[in-house]
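Below is one structure; the comments refer to it alone.
The values are calculated or read from the model by the stated rules, or taken from the named source; none is laboratory data. What you see is a predicted model, and the numbers here were worked out from it, not measured in a lab. Note that we place each Cβ from the backbone using ideal geometry, even for glycine, and neighbour counts take in every protein chain shown. Only protein heavy atoms, including side chains, enter the accessible area calculation; ligands, DNA and RNA are left aside. Shrake-Rupley method; radii C 1.70, N 1.55, O 1.52, S 1.80 Å.
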Amino acid sequence: MTTPLTALERDLLACVERLVTACETSAQELRALEARSTNGIESKVNGLAHCVALLMKSHLLSVATLADLLTEEQTYETLQEGLEASLKLAKRAEQRLNET
């Protein structure tokens, strides 16, 4: 045999149901926020990694070009092309950094 709920018990049960619903909604919103935040962080980290790779290539190219200058193995035109290629990589890195 079950006894009917009193008015106070029914009110309390309604409050508990609203609280549970609010907690479930809050949990869903927090999961969505976490997913957006994680995706944003991953995108920025990937962008930074790409920038670092471009800058490393740029640096290696400029060092190799300058080393060729010291050994006099390259013409002025070839040296200029190497340095311009290095500069293009650095500018691509800058552009990518500004995008992230």
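What are the pairs, 6+ residues apart or on separate chains, where a residue within the stretch 52-81 that is more than 27 Å from Gln95 (Cα to Cα) has its Cβ under 8 Å from a residue that is assigned to a helix (DSSP H, G or I)?
Asp68/Thr78; Asp68/Leu79; Asp68/Gly82; Leu69/Leu79; Gln74/Thr65; Gln74/Asp68; Gln74/Gly82
Residues of the stretch 59-80 being open to solvent by 100 Å² or more (accessible area, probe 1.4 Å) and in a helix (DSSP H, G or I), which ones?
Hits for the stretch 59-80 are His59, Leu60, Leu70, Tyr76, Glu77.
Among the numbered criteria (1) open to solvent by 70 Å² or more (accessible area, probe 1.4 Å); (2) hydroxyl-bearing (Ser, Thr, Tyr); (3) under 30 Å from Glu99 (Cα atoms), which one does Thr3 miss?
Thr3 satisfies every listed condition except (3).
So, in the stretch 44-90, of the ones that are among the small types (Gly, Ala, Ser) and under 26 Å from Thr100 (Cβ atoms), which residue ends up nearest to the chain's Cα centre (by Cα)?
Of everything passing the filter in the stretch 44-90, Gly47 is nearest to the chain's Cα centre (by Cα).
In the stretch 64-84, is there at least one residue being among the hydrophobic types (A, V, I, L, M, F, W, C) and modelled with pLDDT of 90 or more?
Checked the stretch 64-84: no residue is among the hydrophobic types (A, V, I, L, M, F, W, C) and modelled with pLDDT of 90 or more.
With respect to Glu24, determine if the residue is at pLDDT below 90, among the charged types (D, E, K, R) and either open to solvent by 70 Å² or more (accessible area, probe 1.4 Å) or touching a Ser or Thr at 6+ places or on another chain (Cβ under 7 Å) (or both).
Here the answer is no, as Glu24 does not meet what is asked.
For the stretch 28-43, name all the residues that are hydrophobic (A, V, I, L, M, F, W, C) and either under 17 Å from the mean Cα position of the chain (by Cα) or loosely packed, with under 10 Cβ neighbours inside 10 Å (or both).
Correct list: Ala32, Leu33, Ala35, Ile41.
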